[in-house]
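The values are calculated or read from the model by the stated rules, or taken from the named source; none is laboratory data. Everything numeric in this text was worked out from a predicted model, so none of it was measured. No Cβ is skipped: glycine too gets one built from the backbone with ideal geometry, and neighbour counts run over all protein chains shown. Accessible surface is based on the protein model in full, side chains and every heavy atom, while ligands, DNA and RNA are left aside. Shrake-Rupley method; radii C 1.70, N 1.55, O 1.52, S 1.80 Å.
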Amino acid sequence: MHDSTAEQTRIANVHPPAWENPRAKDRYHLVVIGGGTGGLVTAAIAAGLGARTALVERHWMGGDCLNVGCVPSKALLRAAREWHAASTAHERFGGPVVDGQRDFGAAVRRMQEIRADISAVDSAPRYRELGVDVFFGQARFTGADNVTVDGQNLRFRRAVIATGTRPAVPPIPGLADTGYLTNETIFSLTEVPRRLAVIGGGPIGAELAQAFARFGSIVTILQKDQRILGKDDPEAAGIVAAALARDGVRILTSVKIERVERRQSIVIHSVREGRNEELQADAILVASGRVPNVEELGLDEAGIEYDQRRVITDDRLRTSNRRVYAVGDITGRAPFTHVADAHARMVVQNALFFGRKKVTDLVIPWCTYTHPELAHVGMKWDEAGKRGDTMDSITIPLHDVDRARLDGDEAGFLRVHLREGSDKILAATLVGDHAGDIIGQLSMAMRQGLGLSAVGATIFPYPTEAEVIRKAADAWRKRKLSPRVRGLFQLYFRLVR
Ligand SMILES: Cc1cc2nc3c(=O)[nH]c(=O)nc-3n(C[C@H](O)[C@H](O)[C@H](O)COP(=O)(O)OP(=O)(O)OC[C@H]3O[C@@H](n4cnc5c(N)ncnc54)[C@H](O)[C@@H]3O)c2cc1C
């Protein structure tokens, strides 16, 4: 499986086969458990500031994001997007007629090469050079201020748990026997399954369903809820669902899977709207949630509270053991790489320097990298009412933005939610080809306390899709014009010749 040169390079970086663990120092300022984004950023900053730092990783440095998450998925999505652009070029733009063979193997090789290149940044030798003692092995607390790994004791002043999550596998009878893919195995495929059933219609399921459909799989999403991308604005999720359907993805909602069996192929038995249904597939991708990596960590020995979803932390990311903090996905908070990174920066201050940074002060954007992308920032679409905020909402269809029309990216929209009667931005949703990039501008405005009118006073180059933000500001300004002010303007222009 790791036989290509690129794969050997990656493994030499993320878990060098001949690695020898260093001899543990007497006591560390900081011991970090888990070498994914959260752990790596924490360890790098702490060591850079001069703290005696140890990092323990049991599998691959870089964690999910580098090895089996963001990096490989976005590389395959990009390749699939190119193939889609090529094969629809004539119909959409009068471009060339392309009818070639989709080369999934080539896309995988490209992905592996990029992933291998990027892995140098997360590599064990680099972290050693940064001054971090890197230990490979399973970390386990054996007391309130001690962790063991590979037969050595790492005593600490502070520790950070950054052990992340893994795929949750639903207890469907027969699933273990038929076999299934998860994000941990799907990126090792070199050919696409002819028929792929995706269990789960969250961001991971939606992204991979589209990528595999564009590479020629017949893809069906089986979603237990009434719609896919349930954490996002329903209208925005509907636009993505329609795009997936255009790519040939069948989306079955309100599905209850009863059992799975292998005949000539895999057969999935389910109930939908009271009817029994059967679906044939050659492979199943399980993308139906995550469970925290808490087992074998010895959390009870260290007095650290946890539940089935997470290690429990307070607003400053401290656990019930005052020496121990947690960052990233293991906290059960927004499960994104950029959030793990933000947690890490906070925790170094809070754990080592009496900082008082709070997670609730973070402005968090996220994006699902389907085509079109669906990006959001701020409170969830259904949270405002619950918190008692009353909102004004402004929606600008991308059809009103020249660049979106020129690019054939008109289906989406920007929706900005403002505190009622003011231009304070509470949240925003954007669906469009560049939504993930553009949402960053609204994140920055929210973080800096800039209202929509201040963002709208910015000059955006024409024609760009980011102009949609200025259009939202214009719409707000127009709406703000009360009938009285409008009447005064009309009177003024009647008098002035
Ligand atoms: C398919 C997919 C696509 C994704 N795409 C995106 C995206 O586009 N953008 C985005 O922001 N996020 C994305 N994510 C989410 C992102 O990968 C995670 O949010 C991020 O990896 C969290 O980092 P972390 O450090 O908390 O945990 P992880 O990356 O999970 O790292 C945890 C590490 O801890 C190690 N570990 C666990 N237990 C122990 C132990 N006892 N001892 C030693 N080591 C241990 C593990 O081996 C692992 O390396 C994606 C996820 C998936 C699965």
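Summary table below
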item	result
Distant-in-sequence amide H partners of residue 32 (H built 1.01 Å from N, under 5 Å)	54, 55, 56, 160
Shape metrics for the stretch 269-355, restricted to C-alpha atoms - Rg then Dmax, Å	18.8, 60
Ordering of 269-277, 324-332, 472-480 by burial proxy (mean other Cβ atoms within 10 Å per residue, highest first)	324-332, 472-480, 269-277
Inter-probe distance in nm under a simple model that places probes 7 Å from Cα toward Cβ, at residue 59 and residue 189	1.9 nm
FRET efficiency, residue 457 to residue 486 (Cβ-Cβ, R0 25 Å, nearest 0.05)	0.75
Karplus (6.51, -1.76, 1.60) ³J(HN,Hα), θ = phi - 60°, over the stretch 138-150, in Hz, Gly and Pro reported as x	7, 8, 8, 6, 10, x, 5, 9, 8, 10, 10, 8, 6
In Hz, Karplus ³J(HN,Hα) per residue of the stretch 123-131 (6.51, -1.76, 1.60; θ = phi - 60°; x = Gly, Pro)	6, 4, x, 5, 5, 4, 5, 6, x
Computed label-point distance, nm, for sites residue 227 and residue 363 using a 7 Å Cα→Cβ extension	2.6 nm
Phi-based couplings in Hz for the stretch 399-410 (Karplus 6.51, -1.76, 1.60; Gly and Pro marked x)	4, 7, 10, 3, 4, 5, 5, 4, 8, x, 10, 9
DSSP-defined antiparallel bridges as percent of all bridges, the chain, nearest 5	60 percent
Chain lengthening between residue 166 and residue 444 when straightened (0.36 nm per residue, less Cα-Cα)	97.0 nm
Kirkwood estimate for the stretch 154-313, i.e. one over the average of 1/r between Cα atoms, Å	17.3 Å
Contour excess over end-to-end distance, with Cα ends at residue 153 and residue 92 and 0.36 nm allotted per residue	15.7 nm
For the stretch 23-71, convex hull of alpha carbons as volume per residue, Å³	71 Å³
Accessible area per residue in Å² at 1.4 Å probe, computed on the stretch 1-146	47 Å²
Helical segments meeting 24 Å axial Cα length and Kyte-Doolittle -0.5 threshold in the chain (DSSP H)	70-93
Cut-off under 5 Å, modelled amide H: who pairs with residue 138 long-range	150
Built amide H within the under 5 Å cut-off of residue 381, gap 5+	233
For the stretch 27-55 versus the stretch 301-317, the gap between their alpha-carbon centres in whole angstrom	19 Å
Per residue convex hull volume, Cα atoms of the chain, in Å³	194 Å³
FRET E, pair residue 405, residue 246, Förster distance 22 Å, beta-carbon r, rounded to 0.05	0.75
Separation in nanometres of the label points that stand 7 Å from Cα toward Cβ, at residue 144 and residue 349	2.8 nm
Ordering of 368-378, 43-53 by burial proxy (mean other Cβ atoms within 10 Å per residue, highest first)	368-378, 43-53
Distance histogram in 10 Å bins (all Cα pairs of the stretch 419-497, percent per bin)	16, 42, 24, 14, 4
The stretch 345-449 - Debye-derived log10 I(q)/I(0), Cα point model, q = 0.12, 0.16, 0.23 Å⁻¹	-0.48, -0.77, -1.20
Environment charge at residue 475 (Cβ cut-off 12 Å; Lys +1, Arg +1, Asp -1, Glu -1)	+3
Area accessible to solvent at residue 492, 1.4 Å probe radius, in Å²	120 Å²
Protection proxy ranking, peptides 161-167, 309-315, average beta carbon neighbours within 10 Å, highest first	161-167, 309-315
Heavy-atom accessible surface of the chain: percent carbon and sulfur, 1.4 Å	50 percent
